[in-house]
1. Under a point spin-label approximation (7 Å from Cα along Cα-to-Cβ), what is the Glu126-Asn112 distance to one decimal in nm?
2. Amide H of Lys178: which non-local residues (sequence gap of 5 or more, or other chain) have their own amide H closer than 5 Å, using H built in the peptide plane?
3. Quick one: Karplus J couplings for region 196-211, per residue in order, coefficients 6.51, -1.76, 1.60, θ = phi - 60°, nearest Hz, x for Gly and Pro?
4. Between region 99-120 and region 166-181, what is the C-alpha centre distance in whole Å?
5. With r defined as the distance between the Cβ atoms of Leu156 and Glu71 and R0 fixed at 30 Å, what FRET efficiency is calculated, to the nearest 0.05?
6. Calculate how large, on average over all directions, the projected area of the Cα convex hull of region 123-168 is; give the answer in nm² to one decimal.
7. Based on C-alpha coordinates, I'd like the Rg and Dmax of region 68-117, in Å.
8. If r is the Cβ-Cβ distance from Leu52 to Ala198 and R0 is 41 Å, what FRET efficiency results, to the nearest 0.05?
Amino acid sequence: ESNKEFDLITEENINENNDNLEIDEEEEVIEGDLNSTQKKNSKFFQYKLPLLDYLKEPLEIVEHNKEELEEKGRKLKTALNTFGVEGDVKKVSPGPVISLFEVEPAQGVRVNKFVNLSDDLARVMEARRIRIIAPIPGSNHVGIELPNEKTSIVYLRSILNSQKFISNDSKLTIALGKTTSGDAYIFDLCKMPHLLVAGATGSGKSVCINT
């Protein structure tokens with residue numbers, strides 16, 4: 001049953017209502033000449049990157065004292081033994097801000113024991129904060145990052161002038177800085193749709209992004 005408040009739609013009144021209907025024709029795509037346009041703007045495709053002369057030369061070079069690193073390694077081993085965790089420091093990789101100490105746990109020592117000691121080790125080693133990598137990927141060692149007594153500035157010029165950056169094929173290679181071992185660290189921005197920069201206050205997050 002139809003509702004009496006509405007008129008029945010019939011073929012006759014449809015035609016009557018559409019007598020004045022205007023229908024536009026489909027618009028056509030106007031073709032151009034991309035090749036000639038690119039030739040006119042060829043000067044934009046000849047852009048050259050600025051030389052490194054605009055950037056400062058690395059002036060501050062902090063030499064790592066081998067004896068101090070060895071002493072810190074012995075102190076770290078003693079601190080671990082104090083908390084009942086046995087292990088030997090096998091390798092030290094000094095970086096610009098922190099140094100990575102690789103510890104080989106004694107037989108039967110679980111890796112999670114190192115993780116649970118992060119706060120206690122920071123107190124004993126007189127560090128504001130330490131980071132524990134348990135275990136180091138591809139290794140049976142545990143990594144303990146301790147801050148250096150003297151930190152060095154990472155200059156953008158040294159990263160851009162590194163062989164890693166120069167030999168990279170990507171046009172969107174970005175220079176992120178240095179690794180914990182002091183080597184240049186670069187990345188292809190095409191493979192990194194998201195970038196998270198973490199760090200304490202004053203560690204240089206905003207400077208890195210602006211650079």
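The values are calculated or read from the model by the stated rules, or taken from the named source; none is laboratory data. Treat the numbers as computed from the prediction; the structure is a model and nothing was measured. So basically every Cβ, Gly included, is an ideal-geometry build from the backbone, and we count neighbours across all protein chains shown. Calculation scope for accessible area: heavy atoms of the full protein, side chains included, ligands and nucleic acids excluded. Shrake-Rupley method; radii C 1.70, N 1.55, O 1.52, S 1.80 Å.
1. 3.4 nm
2. For Lys178, the qualifying residues are Tyr185.
3. 3J(HN,Hα) across region 196-211, in whole Hz: 10, 10, 10, x, 6, 4, x, 7, x, 5, 5, 4, 4, 5, 5, 5.
4. Spelled out, the Cα-based centre of one part sits 31 Å from the other.
5. Efficiency, rounded to the nearest 0.05: 0.35.
6. One quarter of the hull surface, i.e. the mean projection, equals 5.4 nm².
7. That works out to 11.1, 34 Å for Rg and Dmax.
8. Efficiency, from the Cβ-Cβ distance: 0.90.
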